[in-house]
Amino acid sequence: MTSNIRKHYLDNLKWIILLILIPYHTAMAWNVWGEPNYIFFEGNRAISSIVVFFSPYFMPLLFVLAGIGTKFALKKRTGKEYIAERVKRLLVPMLFGTIVLMPILCYIGDKFNYSYNVGFFRHYAVFFTKYTDLTGADGGFSFGQFWFLLYLFVISIVCLGVLMLVKKYSSGTQRSIPFLIVIALGLPLPLLSDLLSIGGKSLAEYTYLFLIGYFVFTDEKTISKTEKYRWLLFGIGTAASILNVYLFIWADQKYTTLNNITDYMSEWFMIIALIGMAKKYLNFNTKVSAYMKSRSFLFYIYHFVWVVLSQYLLYKLIGNQTWIIFAGTLLISYLLTFICCEITIRIPFLCFLTGTKHSPNK
């Protein structure tokens, strides 16, 4: 299996997963479990189900994909080159997003949730001096969605020494592990979920998933197994995801233990299944897929600003019309996010700030 073949289906899987971010973050405005959000209307179980269905696996999958990508990156880069690439690709856009974009979201959150009535630029002082739960819903400091870039940067740098030693002293031939062992690799996830956790996001768990991507899902035989058993894995993962939604959102009483089991089954089986599905059905390179690949990182950076601004303005215009606001936010956010992508990719300085390759003609 060549790296080029891998690159197509993994890149396609990545941009498809990132497209989910707009409905996911839009739906958070109606969550029924009371999680703070920049915009919060009222609990809606149907809309909340979107969040609960995707949340167990779509961000963990991105860390697995990042681990796979690191394996290929270190085949053609030295350690110093890899660090420089991580700084450019992760640290710079994380700082840009935190300093430039997050104050907008937190300002809207403060206005909507706490009736802040002073100007936007005055609110910068609030953003950089108010430290509470790091959600930003109260106007205080937050990394927002850029926690992913921060975590991935830290994980990449911390793991680099070990990965370089393995690369140096390994024989160059990757040993396959039995597929039942691959399935069993999901068992430690519940034990790791609370370790080094900040705001419910475990640095230990995501490091583990990153390393699994690097050491396990870069093996040709393992990928072939995920492809072979894709429908069985997808069926188990989907059933666990649906049951997870029911137990967490719709059940009349709490089934905490069973709910935790379905949550982690959803996470692990969907990760494996989606990699297998991608290998079977997304292993192509078309004009559309090439376009989406080149815009996907910019999409991730800009999408949340437009979700929050759309919800805020729609609420001001039409009041609390749940389904109109939900549908309108999706439409407006996708449109304006891609417009921002098109503007940014044509301006070298903005490409630098967002960790994106300048490609004005693509």
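Descriptive notes on the structure:
- The range 66-188 shape via C-alpha gyration tensor axes, a/c threshold 1.5: prolate
- Comparing 351, 106, 159 in a Gaussian network model of the chain (Cα springs below 10 Å), the most mobile by mean-square fluctuation is 159.
- Order of 142, 310 under a 10 Å beta carbon neighbour criterion, fewest first: 310, 142
- Secondary-structure-derived ellipticity at 222 nm for the chain, considering helices only, amounts to -22000 deg cm²/dmol, per-run term -39500 (n - 2.57) for DSSP H runs with n ≥ 4.
- Over all other residues within a Cβ to Cβ distance under 13 Å of residue 40, the charged ones net out to -3, with Lys and Arg as +1 and Asp and Glu as -1.
- Among the listed pairs 76/293; 71/225; 225/287; 14/80; 14/280; 80/287, a Cα-Cα separation exceeding 24 Å is found for 225/287; 14/80; 80/287.
- In a DSSP loop and with at most 13 other Cβ atoms within 10 Å, the chymotrypsin sites (Phe, Trp or Tyr not before Pro) in the range 1-87 are 33.
- Axial C-alpha extent at least 15 Å, average Kyte-Doolittle at least 1.6 - helices from the chain (DSSP): 147-169, 322-344
- All other residues whose Cβ lies under 15 angstrom from that of residue 138 are scored, Lys and Arg at +1 and Asp and Glu at -1, for a net of -1.
We did not get these values from a lab; they are worked out from the coordinates using the rules stated. Predicted model, so just to flag it, every value in this text is computed and none were measured. In this analysis, Cβ positions are derived from the backbone assuming ideal geometry, glycine residues included, and neighbour counts consider all displayed protein chains.
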